[in-house]
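Participant: For reference, the structure I am asking about is given below.
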Amino acid sequence: IVMSPEEYELSRHMREPKEVDTSNLILSPMPGTLISYSVEDGESVVEGQDICVVEAMKMQNVIRSPCAGVIKKCHTEVGSSLMADEIIAEFEDVNGTMTD
């Protein structure tokens, strides 16, 4: 990154951004409406399995599981509006570790 001397001096006072672990979450990739779930709480899923359908700009987008695991909770109700990066569902077990 190219910065002026003043920008560099000020940037030294900024806090480092926190890295949030979202590996156990399925997030909405875009704003839209949750149309349906293909899974329920407590259900085992495999990588690539359909999780839900999100409608955005009159197009239905199938959201698939990024990994194998067990669905801990489906956070959003069907018919609800979603924002980008809003939690849709949460995994209980990812890579052999349990989440709180």
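The values are calculated or read from the model by the stated rules, or taken from the named source; none is laboratory data. Quantities reported herein were computed from a predicted structural model and do not represent experimental measurements. So basically every Cβ, Gly included, is an ideal-geometry build from the backbone, and we count neighbours across all protein chains shown. Keep in mind that these areas ignore ligands, DNA and RNA; they rest on the heavy atoms of the full protein, side chains included. Shrake-Rupley method; radii C 1.70, N 1.55, O 1.52, S 1.80 Å.
Participant: Which of Met3, Ser23, Ala68 sits farthest toward the positive end of the charge dipole of the chain, with +1 on the Cβ of Lys and Arg and -1 on the Cβ of Asp and Glu?
Facilitator: The Cα lying farthest towards the positive end belongs to Met3.
Participant: Once both labels are modelled 7 Å past Cα along the beta-carbon direction, what's the Glu43-Lys18 spacing in nm?
Facilitator: Modelled inter-label distance: 3.3 nm.
Participant: Continuing with the same structure: How large is the accessible surface per residue of the stretch 1-78, computed with a 1.4 Å probe and reported in Å² as a whole number?
Facilitator: Heavy-atom SASA per residue in the stretch 1-78 reads 76 Å².
Participant: Just to verify a number: FRET efficiency for Ala84 and Ile35, C-beta to C-beta distance, R0 = 22 Å, to 0.05?
Facilitator: It comes out at approximately 0.85.
Participant: Against the empirical 2.2 N^0.38 Å scaling, what ratio does the C-alpha Rg of the chain come to?
Facilitator: 1.42
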